[in-house]
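Undergrad: My structure is below; once you've seen it, I'll send some questions.
The values are calculated or read from the model by the stated rules, or taken from the named source; none is laboratory data. These numbers come from a predicted model, not from an experiment. Quick reminder, even Gly has a Cβ in these numbers, built from the backbone with ideal geometry, and neighbours come from all protein chains shown. Accessible surface is based on the protein model in full, side chains and every heavy atom, while ligands, DNA and RNA are left aside. Shrake-Rupley method; radii C 1.70, N 1.55, O 1.52, S 1.80 Å.
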Amino acid sequence: LNVTKAGSSGLYGLNATNATAGNAVKAALLSVMFNLQLGSDVLTDQGYPRTELILSGGVTKTPQLGQILADVFNAKVTLFDAAEEGTAWGAALMGAYRHSVLQADDADAADGDGHESWSDYLSRVDKGEANVEFYPDASRHEAYSEVYAKYKQLVKDVISEST
């Protein structure tokens with residue numbers, strides 16, 4: 001966002017009747033989800049749409065957030081048994097894949113076979129069992145889409161003010 005001076009934050013839309021601790025927390029969580037959606041929209045526009053989200057890390061300690069995420073993204077959300085270690089597991093997978101690519105590149109110099117794609121590599125990996133799956137609700141997705149449109153406009157306004 002090119003923030004060059006001390007930043008500040010605010011919660012847009014809260015008033016005397018809805019300014020509760022729960023609504024403030026939900027607004028903060030939605031802002032994180034909407035920020036993820038901004039990045040996801042870029043990938044979709046580049047031809048890499050997401051069909052499913054997998055929860056990992058700290059957010060898995062409150063699995064009900066999976067339903068909100070499914071509704072925001074209008075996509076299935078999966079929570080695996082070992083989701084709390086998901087980030088470390090993902091990093092290890094990426095390291096193992098890179099190692100296999102380097103080995104294949106060395107072998108490729110001799111036989112020309114090349115290495116397998118990331119998608120093919122992941123299809124061979126045991127991902128464990130899905131503990132919980134969340135599916136989007138159309139009416140809640142529509143409501144979150146309206147809020148997301150306002151969020152995008154606010155982000156645009158903040159960026160234009162800072163330039």
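Undergrad: Using 0.36 nm per residue of separation minus the Cα-Cα distance, give me the extension gain between LEU14 and THR44 in nm, one decimal.
TA: Values: separation 30, 0.36 × 30 = 10.80 nm, distance 3.14 nm.
Full extension from LEU14 to THR44 adds 7.7 nm.
Undergrad: What does the accessible area of THR60 come to, in Å² to the nearest 10, when a probe of 1.4 Å is used?
TA: Rounded to the nearest 10, the figure is 20 Å².
Undergrad: What's the FRET efficiency of GLN64 with ARG98 using the Cβ-Cβ distance as r and R₀ = 30 Å, to the nearest 0.05? Could the numbers behind the result be given before it?
TA: Numbers: r = 35 Å, r/R0 = 1.18.
Efficiency, from the Cβ-Cβ distance: 0.25.
Undergrad: Just to be sure I understand the model, the point goes 7 Å from the Cα along the line to the Cβ. What's the resulting ASP105 to ASP81 distance in nm?
TA: For the pair ASP105/ASP81, the computed spacing is 3.6 nm.
Undergrad: Heads up, I need the accessible area for ILE159: 1.4 angstrom probe, whole protein in place, Å², nearest 10.
TA: Per-residue accessible area (ILE159): approximately 70 Å².
Undergrad: Rounded to the nearest 10 Å², what accessible area does GLU116 show when all protein chains are kept and the probe is 1.4 Å?
TA: Number for this one is 60 Å².
Undergrad: As a test of reading the structure, rank TRP118, TRP89 by solvent-accessible area (1.4 Å probe, protein chains only), most first.
TA: Values: TRP118 95, TRP89 115 Å².
Per-residue accessible area, sorted high to low, gives TRP89, TRP118.
Undergrad: Mark the label point 7 Å from the Cα of VAL25 along Cα→Cβ and return the residues of the stretch 61-103 whose backbone N is within less than 18 Å of it.
TA: 61-69
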